[in-house]
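S.K.: Before I ask anything, let me first share the structure, which is written out below as structure tokens.
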Amino acid sequence: MADMITMDLVSPEKLLLSDEFEMVVLPGAEGDFGVLAGHSPITSSLRPGVISIYEGDKEKDRIFVNGGFAEVSKDKLTVLAEEAIYVADLDRANLEQRIQNAREDEEDAKDDETRRRAAENRDHLQQLLDAMV
């Protein structure tokens, strides 16, 4: 059996995941990076993207994170995510409708701050939709 690394994934709401895996690929701010047991210690900020969890050479799970931080030690990975959603739980039709609504909100905005918030929301929803690929 391959060496395993323990991963804790924490969102502001709760501990989302705590388990052992063979490999985890994270969306680091400087680019994606894989973590295996025995990895050199590192702390990295995360950009919005997908965490891929592997067992052997097969991707077991995909979790979208909207930024955060990852801390890697020799045998543990801790991810503090601003937001974390299992990609399998996303609904394409719902996201597409929400993106359209956000576009309309952005177009209808009466001031710059409202327009900025609507654009930020649209971008976030688009990142979620892109994660479904």
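The values are calculated or read from the model by the stated rules, or taken from the named source; none is laboratory data. Quantities reported herein were computed from a predicted structural model and do not represent experimental measurements. Note that we place each Cβ from the backbone using ideal geometry, even for glycine, and neighbour counts take in every protein chain shown. Side chains are part of the model used for accessible areas, which takes the heavy atoms of the whole protein and leaves out ligands, DNA and RNA. Shrake-Rupley method; radii C 1.70, N 1.55, O 1.52, S 1.80 Å.
S.K.: Checking Leu128 against (1) open to solvent by less than 20 Å² (accessible area, probe 1.4 Å); (2) closer than 28 Å to Asp3 by Cβ; (3) among the hydrophobic types (A, V, I, L, M, F, W, C), only one condition comes out false. Which one?
M.R.: Result: Leu128 fails condition (2) only.
S.K.: Residue by residue through the range 70-95, note down the ones that are outside any strand (DSSP E or B) and open to solvent by 40 Å² or more (accessible area, probe 1.4 Å).
M.R.: Ser73, Lys74, Asp75, Glu82, Glu83, Ala88, Asp89, Asp91, Arg92, Ala93, Asn94
S.K.: Where the second residue is open to solvent by 80 Å² or more (accessible area, probe 1.4 Å) and of a type in the set (D, E, K, R) and the first is at positive phi and lies in the range 67-88, which pairs have Cβ atoms under 8 Å and are six or more apart or on separate chains?
M.R.: Close Cβ pairs satisfying both conditions: Gly67/Arg47; Gly67/Glu82; Gly68/Glu82.
S.K.: So is Asp112 over 18 Å from Ile53 (Cα atoms) and either modelled with pLDDT under 90 or not basic (Lys, Arg) (or both) or not?
M.R.: yes
S.K.: Considering only residues that are farther than 18 Å from Ser18 by Cα and exposed (fewer than 15 other Cβ atoms within 10 Å of the Cβ), which ones fall in the range 50-66?
M.R.: Answer for the range 50-66, where residues must be farther than 18 Å from Ser18 by Cα and exposed (fewer than 15 other Cβ atoms within 10 Å of the Cβ): Gly56, Asp57, Lys58.
S.K.: Those residues that are touching a strand residue (DSSP E or B) at 6+ places or on another chain (Cβ under 6 Å) and not small (Gly, Ala, Ser), I need them from the range 76-97; list them, please.
M.R.: Taking the range 76-97 and keeping what is touching a strand residue (DSSP E or B) at 6+ places or on another chain (Cβ under 6 Å), we get 76-87.
Within the range 76-97, Lys76, Leu77, Thr78, Val79, Leu80, Glu82, Glu83, Ile85, Tyr86, Val87 qualify.
S.K.: Return the only residue of Arg117, Arg122, Arg47 being of a type in the set (Lys, Arg), surrounded by 18 or more Cβ atoms within 10 Å (Cβ to Cβ) and modelled with pLDDT under 95.
M.R.: The conditions single out Arg122.
S.K.: Return yes or no: is Arg98 crowded, with 16+ Cβ neighbours inside 10 Å and either part of a helix (DSSP H, G or I) or of a type outside the set (Lys, Arg) (or both)?
M.R.: The answer is yes for Arg98.
S.K.: Output the number of residues of the range 7-44 satisfying the condition of being surrounded by fewer than 18 Cβ atoms within 10 Å (Cβ to Cβ) and farther than 22 Å from Glu82 by Cβ.
M.R.: The qualifying residues number 6.
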